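A short worksheet on the structure shown next.
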Protein chains: 2
Amino acid sequence: MSLRYALLAILRVGPLSGYDLQKQFSQSVGHVWHAPDSQIYPELRKMEAAGLVEGEDQLRGARGTRRVYHVTPEGDRAFMEWMGSPLDYQRVRDPAHLRAAYLESASPESAREFFRKHIQVWEGELAQFEGELTHIQNVSNPMLVRRLEKMPDGDREATIEYKRLAYQGLVDRAQVEINWAQRGLDLVTRLEKEKVDDDVPD
Amino acid sequence: MSLRYALLAILRVGPLSGYDLQKQFSQSVGHVWHAPDSQIYPELRKMEAAGLVEGEDQLRGARGTRRVYHVTPEGDRAFMEWMGSPLDYQRVRDPAHLRAAYLESASPESAREFFRKHIQVWEGELAQFEGELTHIQNVSNPMLVRRLEKMPDGDREATIEYKRLAYQGLVDRAQVEINWAQRGLDLVTRLEKEKVDDDVPD
DNA sequence: AAAATCATGTAAGGGGTTACATGATTAT
DNA sequence: ATAATCATGTAACCCCTTACATGATTTT
């Protein structure tokens with residue numbers, strides 16, 4: 001549902017081919033909304049059918065072509081409308097906390113492995129988010145720079161600040177996950193120790 | 001993918017009909033894994049076909065029946081195997097942070113509305129999680145009590161502690177979201193004030 | 001000449017959402 | 001008698017995932 005608006009958000013900065021968009025995607029909006037190319041190309045076609053974007057085939061070498069899309073006024077309206085509409089929140093579906101709630105059914109080693117992987121995954125995310133945050137604060141993200149160039153002076157601060165807030169939120173979230181999993185590892189160790197004490201009381 | 005294991009987690013405590021399971025669901029695992037009845041009934045049938053559970057039709061009144069499911073040894077094995085296997089992490093797809101990153105395209109009032117709703121939604125979740133956490137700490141959750149009764153003494157502490165950890169993690173997460181949205185509201189106000197100062201410099 | 005990467009998809013299948021459908025039983 | 005709730009689904013649709021497919025162009 002949001003893919004469409006994630007694509008519009010990028011295309012509003014300037015026209016792009018599906019291929020370029022997909023590359024940009026993984027480096028900007030892709031941090032908050034992942035999409036594989038197998039989803040992007042068809043979605044662009046659907047958006048074109050809906051009149052939100054228009055594509056033009058450009059020649060590339062002798063025979064090759066690439067289709068470059070730009071946002072139509074209607075696409076712009078649709079984006080604005082989405083920005084002003086209430087977000088629909090998905091119901092919780094959290095495999096990590098589901099499993100955590102039943103870890104007594106696993107071996108201590110499995111439990112440890114689970115928390116270790118959780119930390120590893122979220123450390124990865126954290127690194128990405130922090131990198132992005134730095135780029136935002138230094139105004140060194142190319143996409144952001146292009147966007148800033150195309151807007152009146154008065155809107156620039158807001159653009160930077162909202163992006164910063166968004167990524168700061170992601171950083172906070174990643175840190176909470178890492179912290180939580182760390183406490184999980186401590187708990188595994190504590191329970192294991194108590195178990196041994198029970199078995200061999202003196 | 002996890003629905004099956006969420007259902008097994010509940011059924012391992014004791015046999016239930018689809019209807020009862022669905023009720024229990026919303027009060028326990030449902031906090032971490034939502035599922036509507038239209039998904040639960042067919043999934044139970046599939047699990048039965050896969051040999052993980054067995055259902056028996058029980059009479060109810062003169063003509064009515066209800067199908068009560070219990071976990072088979074194979075279902076038990078499947079659950080244990082899942083507990084020991086690495087969790088597959090879904091790619092990020094976060095509509096709230098996506099929108100937050102582009103809020104300069106919205107009116108201050110829309111931005112405020114967005115953050116307010118975010119707070120409201122997560123306050124709701126927080127209340128649920130905190131309530132659950134209290135029930136865990138007081139050992140006053142009926143499902144938990146039934147589970148504890150069916151296990152050896154030595155496993156009880158682990159069961160309680162892991163559940164507590166899981167819900168503590170959810171509480172932490174909810175608080176981070178609320179906190180973040182609060183900062184968002186502050187930012188909207190700050191930007192609006194600066195905008196006015198720009199327009200009317202003295 | 002071979003490898004990388006540019007460029008654009010299709011097809012099958014899984015999981016989830018929403019809406020609809022149906023009838024029995026128990027409580028008021 | 002009526003309303004609530006017990007009880008169990010089906011059907012259509014959308015989004016996403018994974019795997020596969022294909023060929024052109026640029027770089028080494």
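On the accessible surface of the protein assembly as shown, probed at 1.4 Å, how many percent belong to carbon and sulfur atoms?
Details: 10120 of 20540 Å².
That share works out to 49 percent.
Could you calculate the FRET efficiency of A:R93 with A:A62 from 1/(1 + (r/R0)^6), where r is the beta carbon distance between them and R0 is 45 Å, rounded to 0.05?
Numbers: r = 50 Å, r/R0 = 1.10.
So, using R0 = 45 Å, E works out to roughly 0.35.
Determine the shielding of peptide B:26-33 by partner chains: average, over its residues, the number of Cβ atoms on other chains within 10 angstrom of each Cβ. The partial results should precede the final answer.
Numbers: counts 0, 0, 1, 3, 2, 5, 10, 8.
Per residue, the average neighbour count from other chains is 4.
Probe of 1.4 angstrom, ligands and nucleic acids ignored: what's the accessible area per residue over region B:120-202, in square angstrom?
Working: 4450 Å² over 83 residues.
Accessible surface, normalised per residue, equals 54 Å².
Pick from A:A106, A:A35, A:A174: which is most flexible by mean-square fluctuation in a GNM of chain A where alpha carbon atoms under 10 Å apart are linked?
In this elastic network of chain A, the residue with the biggest mean-square fluctuation among A:A106, A:A35, A:A174 is A:A106.
Could you grab the relative contact order for chain B? Cα pairs under 8 Å, six or more apart, rounded to a whole percent.
Numbers: 150 pairs, mean separation 39.9, N = 202.
With pairs under 8 Å counted, the relative contact order is 20 percent.
Taking 0.36 nm per intervening residue step and subtracting the Cα-Cα distance, what contour gain separates B:S26 from B:E192 on full extension?
Result: 55.6 nm gained on full extension.
For the protein assembly as shown, what is the mean residue ellipticity at 222 nm derived from helices alone (per DSSP H run of n ≥ 4: -39500 (n - 2.57); sum divided by total residues; nearest 500 deg cm²/dmol)? Don't skip to the end; give the middle numbers.
Values: 16 runs with 270 residues, N = 404.
Dividing the helical sum by the residues of the protein assembly as shown leaves -22500 deg cm²/dmol.
Shielding by partners for B:155-161, please: the mean number of other protein chain Cβ atoms within 10 Å of each residue's Cβ.
Details: counts 4, 1, 6, 13, 5, 1, 7.
Counting Cβ atoms of other protein chains within 10 Å of each residue's Cβ and averaging gives 5.
FRET efficiency for A:S140 and B:D76, Cβ-Cβ distance as r, R0 = 56 Å, nearest 0.05? Before the final figure, lay out the partial values.
Working: r = 54 Å, r/R0 = 0.97.
Plugging the Cβ-Cβ distance into 1/(1 + (r/R0)^6) gives 0.55.
With every protein chain in place, what's the accessible area of B:S110 (1.4 Å probe, Å², nearest 10)?
30
How far, in nm to one decimal, is A:N138 from itself in the other copies if the label point is set 7 angstrom along Cα toward Cβ? Shortest first, please.
Here A:N138 shows inter-copy label distances of 5.4 nm.
Looking only at other chains, what is the average number of their beta-carbon atoms within 10 angstrom of each beta-carbon in B:163-173? Could you put the intermediate results ahead of the total?
Details: counts 5, 2, 12, 11, 3, 4, 13, 6, 0, 6, 7.
The per-residue average across the peptide is 6.
Could you tell me the accessible area of A:I160 in Å² (1.4 Å probe, neighbours in place), rounded to the nearest ten?
Result for A:I160: roughly 40 Å² accessible.
Mind jotting down the distance between the C-alpha centroids of region B:81-128 and region A:49-73, whole Å?
So the separation of the two Cα centres works out to 33 Å.
Whole angstrom only: what separates the Cα centroid of region A:164-187 from the Cα centroid of region A:20-40?
A separation of 24 Å, based on Cα centres.
Taking 0.36 nm per intervening residue step and subtracting the Cα-Cα distance, what contour gain separates B:Q120 from B:R45 on full extension? Please list the in-between numbers first.
Numbers: separation 75, 0.36 × 75 = 27.00 nm, distance 3.72 nm.
My answer for the length gained is 23.3 nm.
Counting only C-alpha contacts under 8 Å and six or more residues apart, can you give the relative contact order of region A:3-84 as a whole percent? Don't skip to the end; give the middle numbers.
On the way: 89 pairs, mean separation 29.7, N = 82.
It comes to 36 percent, rounded to a whole number.
Hand me the tally of lysine pairs in chain B: alpha carbons under 24 angstrom apart, and the pair either on different chains or 8 or more positions apart. Mind showing how you got there, number by number?
Numbers: B:K23/B:K46; B:K23/B:K150; B:K23/B:K163; B:K117/B:K193; B:K150/B:K163.
Value for chain B: 5.
Among A:G51, A:G154, A:G18, which one shows the highest mean-square fluctuation when chain A is modelled as a Gaussian network with alpha-carbon springs under 10 Å?
Among A:G51, A:G154, A:G18, the largest GNM mean-square fluctuation belongs to A:G154.
Where is the GNM fluctuation largest for chain B (alpha-carbon springs, 10 angstrom cutoff): B:A78, B:A111, B:A62?
Maximum among the listed residues: B:A62.
The values are calculated or read from the model by the stated rules, or taken from the named source; none is laboratory data. If you're wondering where the values come from, they're calculated on a predicted model, not measured in any experiment. For neighbour counting, all protein chains shown are included, and Cβ atoms are generated from backbone atoms with ideal geometry for every residue, glycine included. Ligands, DNA and RNA are stripped out before the accessible areas are found, and what is left, the full protein with its side chains, is counted by its heavy atoms. Shrake-Rupley method; radii C 1.70, N 1.55, O 1.52, S 1.80 Å.
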